[in-house]
Structure formats: structure tokens, C-alpha cells
Amino acid sequence: MLHYCAEKKFLKCFFQSLLLQIGKEMLEEEARQAEEEKMAYIRENCPTLSFPQCTLELQELCRQLHKQIDLVDEERYDMETKVKKCNKEIDDLKMKVQDLNGRFKKPTLRRVRMSADAMLAALLGSKHKVSLDLRANLKQVKKELKEEEKQTGDWRKNIEDKAGMDGRKKMFEAEA
């Protein structure tokens, strides 16, 4: 059993070192290929520089370089506008997808305890100087007590008066 565990650990270490060695070789190969591609691109797009012998040749070289710079700037500008347009289209499509799915990320809301004055000061900044008294603008309502409620007495009498039974009650009392 002990021999089996030691052999297993040895194989594990061996395979790990083998994988690391293969990975290292692959990284070196990729770096070498990248360098070769870079040099091929430079040979292709960058001609050898010939130094002019007189000022006329130097001026002509400068004109050619300026023309090439202008062409490259135009291409760069065109590419930037295309990229911006594509990004805007992507954002619009993302919004449409969200609308179609109907799933929106709801932000977590935090409770903010703030007075009305502090809220207006935060919204309006230095423009807000008057303190806001919310109760000052409320309508004052006075309760008027009715004359019937002011009179205290037998509640039965009040009920009979309200019911309008005076005449009928007398009729029943007269018959009895």
C-alpha cells in the first residue's frame, strides 16, 4: 500500500513537470512567431528610408510623409466613427432586448431620513434659503358644535325629536 502511494505521487509530479515543460515550449514558440509576424509587417508596410542628399529631395520626402500622415488620419477618423456608430447600435439593441425580456435590474433602495429643508437644499443648492414649514400652509378647520349637541339632556328625547315621532306617540298614548 505504501509503495502504491509513493508511486502515485511520483507519477503525479512527473506529469506536472512534463506539462510545465510543454507549456514553456509552447509559449516560447508563440513569442517567436509573434516576433516573425511583427518583422514581416514592418518589411511590408515600412519601406527602407533613404536619406536625401539635397534640400529639394528632403522637402519632397517631407511632402510624401505629410500625405501619408493625412491618409492615415482620415482612415483613423473613419474607423472611429464606424466604431462609435456600431457601439451605439449595440447599446440600442441591448436596450431592446431588455425591453423584450421585461427583466430589469432593480437597484436596491436605501432609506434616507432627510428633512424637507435638507432635501430642498440638496436639490436646489444655494438657491434654497427659506425654511419650509409644512404645517404653516395647512388649512385651519374649526369644529362648530351644533345646537342640538350642545344641549345635554335625556338622550331618549333627542332620539324622539330626530325620529319625528311626537305626533304618532301622542296618538298611541291617547288610544291606550
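The values are calculated or read from the model by the stated rules, or taken from the named source; none is laboratory data. Since the structure is predicted, the reported quantities are computational estimates derived from the model, not experimental observations. These area figures cover heavy atoms from the full protein model, side chains too; ligands, DNA and RNA do not enter into them. Shrake-Rupley method; radii C 1.70, N 1.55, O 1.52, S 1.80 Å.
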Taking the range 50-68 and keeping residues open to solvent by 90 Å² or more (accessible area, probe 1.4 Å) and of a type in the set (A, V, I, L, M) leaves Leu56
Restricting attention to the range 6-20, the residues that are open to solvent by 100 Å² or more (accessible area, probe 1.4 Å) and either among the charged types (D, E, K, R) or not in a helix (DSSP H, G or I) (or both) number exactly 3
Those residues of the range 73-109 that are part of a helix (DSSP H, G or I) and open to solvent by 90 Å² or more (accessible area, probe 1.4 Å) come to a total of 17
Does the range 24-36 contain any residue that is of a type in the set (A, V, I, L, M, F, W, C), within 30 Å of Leu65 (Cα to Cα) and outside the structural domain of Ile69 (by the TED database)?
yes
